[in-house]
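What follows is one structure encoded as structure tokens, with my remarks underneath.
The values are calculated or read from the model by the stated rules, or taken from the named source; none is laboratory data. Just so we're clear, the structure is a prediction, and the values are computed from it rather than from any experiment. All Cβ positions, glycine included, derive from the backbone under ideal geometry; neighbour counts span all protein chains shown.
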Protein chains: 2
Amino acid sequence: MDKLKLGIIGLGRRGTVMIKECYAERNDLDIAWICDNDEDKLEEMQLFMKEKGHCPQTTLDYHDILNDSQVEAVFILSSWESHVPIAIDAMEAGKAVGMEVGGAYSLRDCYRLVEVQQKTNAFFMMLENVCYGRREMMVLNMVNQGVMGDIVHCAGGYRHDLREQVANGIALRHYRLRNYLNRNCDNYPTHALLPIMKVLGINRKNRMVSLVSVGSCSKGIAEYVNKTGIGKAEIEGKTIAQSDVVTTVIKCAGGETITLTLDTSLPRYYSRNFEVHGTKGLYVEENDCIFLDSEEMNENKDFPKKLYSNADDFQEKYDHPLWKKALEDGLTGGHGGMDGLITDAFVYCMKNGLESPIDVYDSVTAMAVTALSEESIATGLPVAIPDFTNGAWLIRKEQPNHIYSL
Amino acid sequence: MDKLKLGIIGLGRRGTVMIKECYAERNDLDIAWICDNDEDKLEEMQLFMKEKGHCPQTTLDYHDILNDSQVEAVFILSSWESHVPIAIDAMEAGKAVGMEVGGAYSLRDCYRLVEVQQKTNAFFMMLENVCYGRREMMVLNMVNQGVMGDIVHCAGGYRHDLREQVANGIALRHYRLRNYLNRNCDNYPTHALLPIMKVLGINRKNRMVSLVSVGSCSKGIAEYVNKTGIGKAEIEGKTIAQSDVVTTVIKCAGGETITLTLDTSLPRYYSRNFEVHGTKGLYVEENDCIFLDSEEMNENKDFPKKLYSNADDFQEKYDHPLWKKALEDGLTGGHGGMDGLITDAFVYCMKNGLESPIDVYDSVTAMAVTALSEESIATGLPVAIPDFTNGAWLIRKEQPNHIYSL
């Protein structure tokens, strides 16, 4: 297969990690362009790329990439605010789009993404690496095999102590600080939600109907700034709009419920607290346990401690075929293999003219939770979740059956 | 100290367990009466009591107990529906009341409990044993010492596979089945909520302001009946009103949020998924871990697995004094010691004229979540939580400092 001729837009934390740990190491990508607002980042990355044997052109203006007729695809790894405008311009210019994760600022942006993708028929995929996480795929595999029964409830979260990253936002040239100062919402729903949406068949015979979000007080960042002095000049005396913890409960057409938690400004270990609960079984990430409705488990009184980490025991039987293969072949890319796998999926599906595993409908449905949670917190009321498929969810079929299907 | 002259009302599952494992073994209780609707239960229990050296009178009518001027207190362990009417009659009759846990069917019942307690000045305590659980008290102790910082978010749940108990309700003469067939709410909020209320100082300078509840579909019981045949005659063809999972999010006056989960009709291990998250630390029951905001923890990448069960390491330093003493003295009563401790607390506080550790305000605030969650699920809207103290929460002081204080 020919290499995928690619432009990469955004050389911040995520862009840098992805290039260094994943993209620059691959032999199926021809990285033709790199783009960033900051010249120093461009220079630094170009040096690195040359050492790795790549010769990308550099630009401060992503339109230069879109105007290059040789470029087949762009990966958008820039600030949250720029994802949608760039994705729309790229699809209009006939490029395939891999868009990094983030939430939507407005429903209007979601509708625009859908309508431009429909008009251009561009290959569009949200680069939600967690969809290709080992546990997430194993649980999806178990659900698809019926091991968990009918799924009734799921939970997930982005629970990550980002205090340093937020408070130090100016120095890091990072977009979180301005968002935390001025907005209150689940600003990062997709890590938790997209894998759950796959478990529940959202946009394919199921859909998310409504949500309600509740935000806590905001104390973590202020206390951190006060204690460490980091970000003092920019933050002290200002009010942080963002709740330390935002809890969102989603109701689906099939009656399933989803509890989402954003929890990013208090001290804690990293967790996505993924939980899938069906009529025959349960997976809980927090203690990495699988509970099945069997006599042996139901009569054992030593649970839950005895179950800690028992999901490891199910790997041989239920690991997703993609992960079995990846572990045999040797994992590449960052984040424990997820970054490599989602890049594989993008290249494979796009080059073979297959449906996107995380298409524009899935992407905007997950992203919309940010704008909708903002509305719900502001009004104190539940809000309806739009049907971005305009009814097509009732008739859309499963994805074609291949190893990257979700 | 004189023995507490006591009547026990309700000899179902809970009443039987409490008498056999706790009350009959104690030397500070004079069990003068036992009462139940069913003669066979009365006869069976009287036989057991005689073997243990007790000679209670028996009655089918609890008013006989209330009319006995020698009786100081009643413990109410009957069906959910009867808790409030009996408690009100008992307080009106000048008895102290220990009332087992359950939810309120209406706000009116909550107000009546408060007003009768105020009028009679009776000693009233909800027998919420989980408030005296070892971890719950250790975490409360850590919170009170400031180790967790300002608390921002808590979670809790009653996550207990009750399928057999619900489906087999007629044979067991149990009250859950009629409730599950006809109501949809968080029908059992207090195990999770009362310990959290203590952590957050609810009704003493803080209060719960509003909640919203979302209910899942109901599939667990029907599938269980279909698979096992248990309860088939009573349930097959009927609709179970009760959601398998009810998620409730509560907002407090101090800005804290609480996520409550009722999860009782799917296969699972038992959990109350207690979680307390502050600006300096975190406790998570699901993996029994404590995370503190220290350099060592923040820089360790092996979390969360490395933290599983690490709360054990904090016991020597932070176990609640009551638990340290109880472990030295030897635990009595059921449920890992909690039942004995809450009975100790009742007897000690009542006999010494101390405030109830779980007084009528705390009790109705927690119980009201049942009626309010029913309303929220029915309407799809958030609801306000009444201030049952009528403003007194702003000026009420901490409980007097003794070993049973919560």
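Screening A:E136 with (1) out of contact with any helix residue (DSSP H, G or I) (no Cβ under 6 Å at 6 or more places or on another chain); (2) under 30 Å from B:R159 (Cβ atoms); (3) not basic (K, R) gives one miss only, at (1).
Take the conditions (1) in contact (Cβ under 8 Å) with a residue 60 or more places away in the chain; (2) more than 25 Å from the chain's Cα centre (by Cα); B:S79 misses just one of them, which is (2). Do the conditions hold for A:I202, that is, is it more than 10 Å from every other protein chain (Cβ to nearest Cβ), over 22 Å from the mean Cα position of the chain (by Cα) and surrounded by 21 or more Cβ atoms within 10 Å (Cβ to Cβ)? No: the conditions fail for A:I202.
Yes/no per residue for (1) touching a strand residue (DSSP E or B) at 6+ places or on another chain (Cβ under 8 Å); (2) at pLDDT 95 or above; (3) surrounded by fewer than 16 Cβ atoms within 10 Å (Cβ to Cβ):
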{"site": "B:D263", "(1), (2), (3)": "yes, yes, no"}
{"site": "B:G278", "(1), (2), (3)": "yes, yes, no"}
{"site": "B:N287", "(1), (2), (3)": "no, yes, no"}
{"site": "B:E296", "(1), (2), (3)": "no, no, yes"}
{"site": "B:M350", "(1), (2), (3)": "yes, yes, no"}
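Please work out which residue is nearest to the other protein chains (Cβ to nearest Cβ), limiting yourself to region B:137-192 and to residues that are part of a loop (DSSP other than H, G, I, E, B) and modelled with pLDDT under 95. Among those that are part of a loop (DSSP other than H, G, I, E, B) and modelled with pLDDT under 95, it is B:N168.
Among residues of region A:24-76 being among the β-branched types (V, I, T) and touching a residue at least 40 places away in the same chain (Cβ under 8 Å), the one that is farthest from A:L11 (Cα to Cα) is A:V71. On the stretch given as region B:82-110, residues that are under 17 Å from the mean Cα position of the chain (by Cα) and closer than 19 Å to B:K3 by Cβ total 2.
The numbered conditions (1) surrounded by fewer than 18 Cβ atoms within 10 Å (Cβ to Cβ); (2) in contact with a Pro (Cβ under 6 Å, 6 or more places away or on another chain); (3) among the acidic types (D, E) are all true for B:E164 except (2). Report yes if A:A366 is surrounded by fewer than 23 Cβ atoms within 10 Å (Cβ to Cβ) and either assigned to a helix (DSSP H, G or I) or within 14 Å of another protein chain (Cβ to nearest Cβ) (or both), otherwise no. Taking the combined requirement at face value, the residue does not satisfy it.
Residue count for region A:330-367, restricted to those that are in contact with a Leu (Cβ under 6 Å, 6 or more places away or on another chain) and small (G, A, S): 2. Among the residues of region A:58-66, none qualifies, meaning not one is under 25 Å from A:G330 (Cα atoms) and of a type in the set (S, T, Y).
Every test in (1) within 9 Å of chain B (Cβ to nearest Cβ); (2) more than 30 Å from B:L162 (Cβ to Cβ); (3) touching a residue at least 60 places away in the same chain (Cβ under 8 Å); (4) part of a loop (DSSP other than H, G, I, E, B) is passed by A:A241 save one, and that test is (1). If you go through region A:219-228 one residue at a time, do you hit one that is part of a loop (DSSP other than H, G, I, E, B) and surrounded by 24 or more Cβ atoms within 10 Å (Cβ to Cβ)? Within region A:219-228 (the criterion being part of a loop (DSSP other than H, G, I, E, B) and surrounded by 24 or more Cβ atoms within 10 Å (Cβ to Cβ)), the answer is no, since none of the residues qualifies.
Evaluate region B:36-58: report whether one residue or more is of a type in the set (K, R) and more than 25 Å from the chain's Cα centre (by Cα). Yes; the residues of region B:36-58 include at least one that is of a type in the set (K, R) and more than 25 Å from the chain's Cα centre (by Cα). Within region A:66-92, the set of residues being surrounded by fewer than 21 Cβ atoms within 10 Å (Cβ to Cβ) and not in a loop (DSSP other than H, G, I, E, B) comprises A:W80, A:E81, A:S82, A:P85, A:I88, A:D89, A:E92. In region B:387-406, the residues that are among the aliphatic types (A, V, I, L, M) form Cβ pairs under 6 Å with partners that are surrounded by 12 or more Cβ atoms within 10 Å (Cβ to Cβ) and not in a loop (DSSP other than H, G, I, E, B), at six or more places apart or across chains, as follows: B:I403/B:L322; B:L406/B:C131; B:L406/B:K198.
The set of residues from region A:197-207 being farther than 23 Å from A:L381 by Cβ and not in a loop (DSSP other than H, G, I, E, B) comprises A:M197, A:K198, A:V199, A:L200, A:N206.
Residue-wise test of (1) surrounded by 24 or more Cβ atoms within 10 Å (Cβ to Cβ); (2) closer than 24 Å to A:N187 by Cβ; (3) away from every other protein chain (no Cβ under 13 Å).
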position: A:L113; (1), (2), (3): yes, yes, yes
position: A:V116; (1), (2), (3): no, yes, yes
position: A:K119; (1), (2), (3): no, no, yes
position: A:A122; (1), (2), (3): no, no, yes
position: A:M125; (1), (2), (3): yes, yes, yes
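Of everything in region A:244-265 that is touching a residue at least 40 places away in the same chain (Cβ under 8 Å) and in a loop (DSSP other than H, G, I, E, B), the residue that is nearest to the other protein chains (Cβ to nearest Cβ) is A:G255. Filtered by the rule that a residue be over 18 Å from B:V130 (Cα atoms) and either free of Cβ contacts under 8 Å to residues at least 60 places away in the same chain or in contact with an Asp or Glu (Cβ under 7 Å, 6 or more places away or on another chain) (or both), region B:307-325 gives B:L307, B:Y308, B:S309, B:N310, B:D312, B:D313, B:E316, B:K317.
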